1. What helices does the chain have that are whole DSSP H segments, at least 27 Å long along their own axis by Cα, and with mean Kyte-Doolittle hydropathy of 0.5 or more?
2. If you project the alpha carbons of the chain onto their three principal axes, what span does each projection cover, largest first, in Å?
3. Taking a ≥ b ≥ c as the square roots of the eigenvalues of the Cα gyration tensor of region 508-605, is the shape rounded (a/c under 1.5), prolate (a/b larger than b/c) or oblate?
4. Please list 179-191, 468-480 highest first by mean number of surrounding beta-carbon atoms within 10 Å per residue.
5. Relative contact order of region 508-605, please, whole-number percent, based on alpha carbon pairs below 8 angstrom and at least 6 residues apart.
6. Under 8 Å for C-alpha pairs, at least 6 residues apart: give me the relative contact order for the chain, rounded to a whole percent.
7. Loop-only GluC sites (Glu not before Pro) in region 1-71, please: DSSP not H, G, I, E or B, and at most 16 other Cβ atoms within 10 Å.
8. Whole Å is fine, so just give me how far the alpha carbon centre of region 100-140 lies from that of region 319-355.
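Please treat every number below as a calculation from the coordinates, not as lab data. Every value quoted in this text rests on a predicted model; they were computed, and no experiment measured them. Positions of Cβ are backbone-derived with ideal geometry, glycine not excepted, and every protein chain shown enters the neighbour counts.
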Amino acid sequence: VEPQKFIGGMTAGGLGATDIGSKTTVVGLAKEFYHRVWKHYNKPESWKHETREEYKPKHNDAISDNLEVHWFFEPKVADRILTEMLSEAGVKVFTNERMVRENGGVKKEGNRISTVTMESGKIFGGKMFIDASYEGDLMAGAGVSYFVGREANSEHNETLNGTRALKVYAGKELDPYKVPGDPQSGILPGIEPKPPEPDGSADKRVQAYTFRMCLTDVKENQLPITKPENYDPLVFEPHLRWILVNPKEKPGKLFYKLTPMPNRKTDSNNHGLFSTDYVGKSAEWAEASYARRAELWQEHADYVRGYFWFLGNDARVPEHIRTETLRWGLPKDEFTAAGHWPFQLYVREARRMKSAHIVTEHDCRRTRLVEDGIILASYGMDSHSTSRFVDEDGQLRGEGGMLVRVKPYPVSYRSIVPVEKECANLLVPVCLSATHAAYGSIRMEPVFMMLGQASAYAAAQAIDTGKAVQAVPVDGIRRHVGTAELLAAVKPASEDAPAAEKGGKPAAGNQFQASVAALKKEGALKGDTAWLDTLKPEAPVDGAKVAELLIGKASLEKPVTDVDAALDALAADGTLPDAKKYWRDNARAGKTCKGAQVMQLCMRLGK
């Protein structure tokens, strides 16, 4: 049952650059989806505006041929594949069906949902229900406890939750007033007049939403991004001031992303402090009425459309930025039934359930390991900005952004089921039970897919056994999704932590030595390794030796003979998810690498 006209959410709605983390943790139907994308793009006829060979070098994370998956894709391809998967499974799809959120739209018998009534008058009854929406409307309608906003750090002994004010904008001082230097002129749009609560405090702010824009530079397949009717240049005055203190930067490097999708398209996400995120406009969404959500959707669309219009047409914007922006447009062959604009607003976070287990920063860092894990999440704890404000010195500052990397960690089954007394036949794989900090890691599409599959299996088991969803054994879920072996291999952080200096801070030297020892023990390092025993951060390193290290590490899984293949393999399995051009250029005979860089590499490879 889909409230919109279209299925697929963000996966079919513009988010083609999949947020992965560790690629080998993506299993089950999620991997099946990306495998079908891979098969699609293995056909020469799928390439209309470039070849596969031309596309593949554009981004290291786009394709994992060794895993037979294709992580980056066009929206229309995702839509077609998801539609095929639903059809093959015999799933009956109801679109444009919104549930009644007031006056008893959700009927319960005791602690079980019995029926859900739609605005159309249709009534859906069932033994089990799954709320896989971004907003959690069914969860809320069923009387399940939830939270919107950010918890205080103190509530769960976290460090990344609550308010998080930036010191200044990347070292740049920006004036927040309509007339620079004149507070009496008024504050620019989108800026709060005073600082938020102290860092780590609870509040109701929510990280920014946007549209993931699919753009193309193929002129014959391009429509221009037009000026919104209510365009107000003052909205983009802070953006202009940000541009003018970064005048040499280019789109793609700043201002907005140009992440390459097949056939000369992009997934253009927010990039930088002033970009496509509509900061400060998301807190109302979760509990807003359908009518108000429609207004907020349009406000976000007008903002993003206005931003691209501003960058391409405002004479105050440096010419090279205007020229590059006007090179891009909306693809004629995408979102054809939605006016060529993405149908799905990127609701990064809305309601979050409060169940028997709340996933926190401690789960993400693996300082706490649950026994009922059903899948692995692995993306960093990531939050986009939540607000902008005027500080005590009259400067413009931002608040809420973070990205802290994690290793793969288990997600508890209890986090996707409510407390039993509240509801015994509901699963919630998207608006699950997690703090703001932890949800920033979980909220990625492959994880939602795996949790969705786990929910469906658990629902079927609960029906077959007559049990509450809370009583379904997790072993069967793990086997069904394909995570049993992956979960069994996860260790608590204490077992792989480096030696520490006094005060508990990791000692970089000790960590490097421990990593080298681990690499030797597993067989990644062979032959003469004495150079590592005397390695200094300031000393150059023979690129051929670094190449041997990379090839040795990659060959533990599958034999490779050159550094490019090694880097591809290490990126694909999550060891080096961000394998950089630096190693491709310098880890070669006749080249040298910086000692400090090599030490960091060893610590990554030896984890």
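1. Counting only whole DSSP H runs, the qualifying helices are 445-465.
2. 75, 66, 58
3. Rounded.
4. With the highest mean Cβ count within 10 Å placed first, the list reads 468-480, 179-191.
5. 39 percent
6. 18 percent
7. Listed in order of number, the matching sites are Glu50, Glu68.
8. Rounded to whole Å, the Cα centres lie 30 Å apart.
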